[in-house]
Amino acid sequence: MHIPFCRCTLQGTGNCYFVKCIAVLLSGYCIKTNNLGTVENMGPTELAVLLSGFYQWFVNDNGTIPSYSTLNSLRLGIHTYLKSATVNSSIDIVNDQEFDGANQVLSERSSLAQLMQGHQAIVGPTHEAITKEDMSILKENMNCSTPSKLQQVFWFTLMYHFGHKGREILRALKKDSFLIRKDDAGREYISPNQIFPEGESPSRRRLWQNVHIYSDITVPVGNPVDIFHLYLSKLSTNSDILFQRPIKTSTNDNTGPWFYDKILSKHVLSQMMASISQEYGLSRVYSNHSVSNSNPFC
């Protein structure tokens, strides 16, 4: 079964239009399956059975199985709809035990879509530490030749050494959130400024105060001080945002900024490691958490 569905509505699971689309989709599925109940009045068990079938039924406009990100956005949209003022349900379709079966169906559909696309990586970002083999691939292939690639390297370096994960915390970072200093021997190192992003825990802030990342620490993708120097030098001078939108170019232009004075989207930040995994053909799709989990000292 298939109904037309505009892919752009999956870009933001919190907007009203998306929630309305979810309501229409679920109602349409109930009608097609002769289910006389309404999603708003279903209990956890009945809703879990409905969603198991719904995840199996939903396809892209071209009839293909949706990707992991699309299916996950769909589930988050349903969750948002159930929590909206219109429904105000206490059911949690992501974490409640009754929905383990439905979530397994979603995961299996994602894996099938990945296999059909010819990828060997498993679908559904994993929080596991990056394997030595995959880390070697990143070290050999990641580079700073374009704005987007430079941002990937900088983001990876920041995540690996300082353990940032949340996209809101990353978006709150400024150019002066980290400073490049010199010790008594003249060696450069990176350390956090005392201006901490909103949302970080007191324990994380105390940990930061003692973090010094020196230039001779080249694990995993290069000299962190050089990476910081280069990245900061390429940012737009019209904004103090640390994660700015890269200018889309394939040339290594050394003149002028490489970034717009606009903040990078939440979606791009939240999917950064998943995108890197797919771009460099890693053995699996890693999550942002995997980067800091790969550092034994983080």
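Got at least one residue in the range 54-62 being assigned to a loop (DSSP other than H, G, I, E, B), open to solvent by 50 Å² or more (accessible area, probe 1.4 Å) and modelled with pLDDT under 85?
Yes - at least one qualifying residue is present in the range 54-62.
Any residue in the range 69-88 that's outside any helix (DSSP H, G or I): show its pairings with residues that are open to solvent by 40 Å² or more (accessible area, probe 1.4 Å) at Cβ separation under 6 Å, as long as the two are six or more apart or on different chains.
From residues that are outside any helix (DSSP H, G or I), the pairs are VAL87/GLU40.
How many residues does the range 42-53 hold that are assigned to a helix (DSSP H, G or I) and either among the hydrophobic types (A, V, I, L, M, F, W, C) or at pLDDT below 80 (or both)?
5
Can you go through SER203, SER148 and tell me which one is part of a helix (DSSP H, G or I), among the hydroxyl-bearing types (Ser, Thr, Tyr) and modelled with pLDDT under 85?
SER203
Restricted to the range 98-139, and to residues that are at pLDDT 85 or above and polar (S, T, N, Q), which residue is most open to solvent (accessible area, probe 1.4 Å)?
SER136
List the pairs whose first member sits in the range 160-173 and is open to solvent by 30 Å² or more (accessible area, probe 1.4 Å), whose second member is modelled with pLDDT of 80 or more and of a type in the set (A, V, I, L, M), and whose Cβ atoms are under 6 Å apart, counting only residues at least 6 apart or on separate chains?
ARG167/LEU269; ARG171/ILE263
The values are calculated or read from the model by the stated rules, or taken from the named source; none is laboratory data. In this text the structure is predicted, and so the values were computed from the model without any measurement. Backbone-built Cβ (ideal geometry, glycine too); neighbour counts: all protein chains shown. Heavy atoms of the whole protein, side chains included, go into the accessibility calculation; ligands, DNA and RNA do not. Shrake-Rupley method; radii C 1.70, N 1.55, O 1.52, S 1.80 Å.
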